[in-house]
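> Dropping the structure in here first, questions after.
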Number of protein chains: 2
Amino acid sequence: MTTLAIDNIGQLATGDPNTGSGPLGVLEDAAVVIEDGRIAAIERANTVDADEVIDAGERAVIPGFVDSHTHLVFAGDRAHEFALRMAGRRYEAGGIRVTTEATRTAGAEALRQLARRRRREALRAGITHQEIKSGYGLSVQSEELICQVASELTDDVTFLGAHAVPGEYDGRADDYVELVRGPMLQACAPHARWIDVFCEQGAFDADQSRAVLEAGREAGLGLRVHANQLGEGPGVQLAVELGAASADHCTYLADADVDALASGTTVATFLPATDFSTREPYPDARRVIDAGARVALATNTNPGSSYTTSMSFVLALAVRDMRMTVEEALLAATSGGAAALRRDDVGRIAPGARADLVVLDAPSYEHLVYRPGVPLIAATIARGRVEWLDPDLSRD
Amino acid sequence: MTTLAIDNIGQLATGDPNTGSGPLGVLEDAAVVIEDGRIAAIERANTVDADEVIDAGERAVIPGFVDSHTHLVFAGDRAHEFALRMAGRRYEAGGIRVTTEATRTAGAEALRQLARRRRREALRAGITHQEIKSGYGLSVQSEELICQVASELTDDVTFLGAHAVPGEYDGRADDYVELVRGPMLQACAPHARWIDVFCEQGAFDADQSRAVLEAGREAGLGLRVHANQLGEGPGVQLAVELGAASADHCTYLADADVDALASGTTVATFLPATDFSTREPYPDARRVIDAGARVALATNTNPGSSYTTSMSFVLALAVRDMRMTVEEALLAATSGGAAALRRDDVGRIAPGARADLVVLDAPSYEHLVYRPGVPLIAATIARGRVEWLDPDLSRD
């Protein structure tokens, strides 16, 4: 069996407080040995023997980011809509239809190429595991295709037929919900692990959302909810009541929502790049964390409200504008994302875990937030494979 | 003479409204011909004949960013101070002393290597021209060395001996001002084009600032002022009164400051990445622009309050939080930066201008703001030389 070692790591943030110091379990002068796509051992620097060695040059290493909320599979460009919104127009959920039209007509191979390109971009951003949602097809055929394309890139595919009511169902939202719960779910469930619904004024109400989620659960899917993005609403409490793995957005929370999150097993997943791009206020993460709820941070990569793959940007917003510490933010984007996907094989650097890790072009993980906008991802290793290596890495 | 062409440009934002449509002078399907480090011609796509051709693949091309405010030459790491500040501690100008200590003891070659590394990072971020300030030496010898190192990287060196009062002059600020105006200025002026002063509560007051600036002017240097960063103060009006090229920060402006900027020739240079990293409010650019003043955007790359080289990040903040349009922000970071440095050879793509341009991995310049945190700089050409070419550029 071939082994790979990342050696000469100046600072290793394992994400496991039992392994090292502080909440991030930090070790100094470490090495990580990888075998068969898994982490085999964590050792002292310059003591390991492996078939291949990457010299981290005393840089910092962190777990690969776990991005628990993306919409990678779509076609079309909405940059100009974004620019207009920044010049004063408000974000509305209806914009999804623009992307739906482009996605429906794009064809399988074009969608696949676009998604792969975005996946590549995410790897360069240090994201080693991604959830990917459907939701820009909104017809049985197109949703199935999107789930299939997504399943080629991740085992965390989410069926989101209930993303918006498509134009041909105008005024007949309940009929569309029946389609989603019936033939569309039947076509998509084989490719998916999760079902999700956009529970929001202008999208799906509490009854419709519950109907979709319950049908998904009967089909064997886990539950996720787009909740409380544009205003307070029933989404968060519905998610907790139904035992959803995650309630995503959580921008507008009533006290009862925070209480529900604190008392349940549902992770509150914040998507601050969305609040950035829609000019909404940032969620108050401090309030949710201090109440005792589990939190995650994700990119929400999508063309309408958050076209970024930069988890570092998300971290910077979380620390600057959501009052999270750097440590809380980094945990939320790694083991927090894993918790939101109910898995423990990713999001931390520990023997037996997937060999997903990132070498930063920096001496400490704090630089991820200290140096906003700077591409600090020097190398991304996913399942033990070097997926990105910065051409300047060996310059020094 | 060898010629280089950037051909097959989908969208060329020249920055010159007389050349194309809109404030950015946009042309579709264009090519740029470069000769001897200068732009020789702008042509239709796929019609040019050149010794070497870079195929932009229908991507967008913009002028290289002109970063009119940086502090590239320093040693030491302040990531942890940043993390503590984000956890609640307020930014204070006195932190400069931490960097001064590290810089004074670093030695010429270490400083040179650090500065070159940051220059390389800036080129990757699409910055083709930079102003570089001294200000972390605060002794005659150390300031002179910093100016000399900076002059190896740019012809826009700024002498900023009046960045902070060093520890050995505690309680004797006026004596330090005399040192700055006298022997320090004499040692640094030969390497510099500009003089600058940190006019702020806790740094230098109006009289001290005026004394420094007037001495600089007598030594043949142009004037710049750090003004109104942490509160309202005399900086902006002093800058305008003395005809400074730029008043930088402008975070806290009284009506009289805005009036002064609108009536004078001093450019208001905003540094929103600083307000991000110090958690100050963002300046109200809309108010300043609507009053008729000229504005620029710059990174303020420095270890204490803005350790980023990402002009794209600066643009995103300007559009999201300072109510600038995408077009205004891009102009402020190119021709606006050039105006703040009183030069017209950079900041636009026009025959005769320096061949400084950036290929974006995107179909339009709007993506720079639409896709925050994503490294979209596919290629950077400075003085006709390809300084950065993304390894993925030719993948499609």
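The values are calculated or read from the model by the stated rules, or taken from the named source; none is laboratory data. Source: prediction; values computed, not measured. Cβ sites come from the backbone with ideal geometry, for glycine too, and all protein chains shown count toward neighbours. Accessible surface areas use protein heavy atoms only, side chains included; no ligands, DNA or RNA. Shrake-Rupley method; radii C 1.70, N 1.55, O 1.52, S 1.80 Å.
> Of (1) buried (at least 23 other Cβ atoms within 10 Å of the Cβ); (2) outside any helix (DSSP H, G or I), residue A:111 satisfies all except one. Which?
Tallying (1) buried (at least 23 other Cβ atoms within 10 Å of the Cβ); (2) outside any helix (DSSP H, G or I), residue A:111 fails exactly one: (2).
> Please state which of the following conditions residue B:85 fails to meet, knowing it meets all the rest: (1) closer than 30 Å to residue B:165 by Cα; (2) not assigned by TED's automatic domain parsing to the domain that holds residue B:297.
(2)
> Restricting the search to the stretch A:128-163, which residues are among the hydroxyl-bearing types (Ser, Thr, Tyr) and either in contact with a Cys (Cβ under 7 Å, 6 or more places away or on another chain) or in the same structural domain as residue A:38 (by TED's automatic domain parsing) (or both)?
The initial filter retains those residues of the stretch A:128-163 that are among the hydroxyl-bearing types (Ser, Thr, Tyr), namely A:128, A:134, A:136, A:139, A:142, A:151, A:154, A:158.
Of everything in the stretch A:128-163, just one residue is among the hydroxyl-bearing types (Ser, Thr, Tyr) and either in contact with a Cys (Cβ under 7 Å, 6 or more places away or on another chain) or in the same structural domain as residue A:38 (by TED's automatic domain parsing) (or both), namely A:134.
> If you don't mind, another one. Which ones in the stretch A:307-328 are under 21 Å from residue B:371 (Cα atoms) and of a type in the set (A, V, I, L, M, F, W, C)? Even if it seems obvious, please write down each step before you answer.
First, the residues of the stretch A:307-328 that are under 21 Å from residue B:371 (Cα atoms): A:307-322.
Of everything in the stretch A:307-328, those that are under 21 Å from residue B:371 (Cα atoms) and of a type in the set (A, V, I, L, M, F, W, C) turn out to be A:311, A:313, A:314, A:315, A:316, A:317, A:318, A:319, A:322.
> Can you tell me how many residues within the stretch B:214-265 are basic (Lys, Arg) and either over 13 Å from residue B:340 (Cα atoms) or more than 22 Å from the chain's Cα centre (by Cα) (or both)? Spell out the reasoning first.
Residues of the stretch B:214-265 that are basic (Lys, Arg), as a first pass: B:217, B:224.
Keeping just the survivors that are either over 13 Å from residue B:340 (Cα atoms) or more than 22 Å from the chain's Cα centre (by Cα) (or both) gives B:217.
Matching residues across the stretch B:214-265 total 1.
Residue by residue, here is whether (1) within 14 Å of another protein chain (Cβ to nearest Cβ); (2) open to solvent by 30 Å² or more (accessible area, probe 1.4 Å) holds:
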position: B:53; (1), (2): no, yes
position: B:64; (1), (2): no, no
position: B:68; (1), (2): no, no
position: B:85; (1), (2): yes, no
position: B:100; (1), (2): no, no
position: B:103; (1), (2): no, no
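> One residue is enough: does the stretch A:204-223 have a residue meeting the conditions part of a loop (DSSP other than H, G, I, E, B), out of contact with any helix residue (DSSP H, G or I) (no Cβ under 8 Å at 6 or more places or on another chain) and at pLDDT 95 or above?
Our first condition is that a residue be part of a loop (DSSP other than H, G, I, E, B); within the stretch A:204-223, this holds for A:205, A:219-221.
Remaining after also requiring out of contact with any helix residue (DSSP H, G or I) (no Cβ under 8 Å at 6 or more places or on another chain): A:205.
Keeping just the survivors that are at pLDDT 95 or above gives A:205.
Yes: one or more hits.
> For the stretch A:9-23, which residues satisfy the criterion of being surrounded by fewer than 18 Cβ atoms within 10 Å (Cβ to Cβ), at pLDDT 95 or above and of a type in the set (S, T, N, Q)?
Within the stretch A:9-23, A:21 is the sole residue that qualifies.
> Look at residue A:310 and say whether it is open to solvent by less than 20 Å² (accessible area, probe 1.4 Å) and facing another protein chain (nearest Cβ under 9 Å).
yes
> Here is a check on your reading of the model: is residue B:262 open to solvent by less than 10 Å² (accessible area, probe 1.4 Å) and touching a Gly at 6+ places or on another chain (Cβ under 9 Å)? Explain how you work it out, then say what you get.
On the way: open to solvent by less than 10 Å² (accessible area, probe 1.4 Å): no; touching a Gly at 6+ places or on another chain (Cβ under 9 Å): yes.
No, not satisfied.
> Does residue B:328 meet the test of being within 14 Å of another protein chain (Cβ to nearest Cβ) and over 24 Å from residue A:301 (Cα atoms)?
yes
> Take residues that are open to solvent by less than 20 Å² (accessible area, probe 1.4 Å), among the β-branched types (Val, Ile, Thr) and touching a residue at least 60 places away in the same chain (Cβ under 8 Å) and tell me which of the strands (runs of 3 or more DSSP E) falling wholly in the stretch B:313-396 contain 1 or more. I'd like the intermediate steps shown before the answer.
Numbers: elements: B:357-360, B:377-382, B:385-389.
Per the criteria, B:357-360, B:377-382.
> With the structure loaded, tell me whether residue A:381 is within 18 Å of the chain's Cα centre (by Cα), at pLDDT 95 or above and within 14 Å of chain B (Cβ to nearest Cβ) or whether it fails that test.
Working: within 18 Å of the chain's Cα centre (by Cα): yes; at pLDDT 95 or above: yes; within 14 Å of chain B (Cβ to nearest Cβ): no.
Against the criterion (within 18 Å of the chain's Cα centre (by Cα), at pLDDT 95 or above and within 14 Å of chain B (Cβ to nearest Cβ)), residue A:381 does not qualify.
> Would you mind stating whether residue A:6 is crowded, with 19+ Cβ neighbours inside 10 Å, farther than 30 Å from residue B:315 by Cβ and of a type in the set (A, V, I, L, M, F, W, C)? Spell out how you get there, then give the answer.
Numbers: crowded, with 19+ Cβ neighbours inside 10 Å: yes; farther than 30 Å from residue B:315 by Cβ: yes; of a type in the set (A, V, I, L, M, F, W, C): yes.
Answer is yes for this residue.
> Suppose we keep only residues that are away from chain B (no Cβ under 14 Å) and closer than 11 Å to residue A:250 by Cα within the stretch A:277-295. Which one would you say is most open to solvent (accessible area, probe 1.4 Å)?
Going through the qualifying residues, I end up with A:284.
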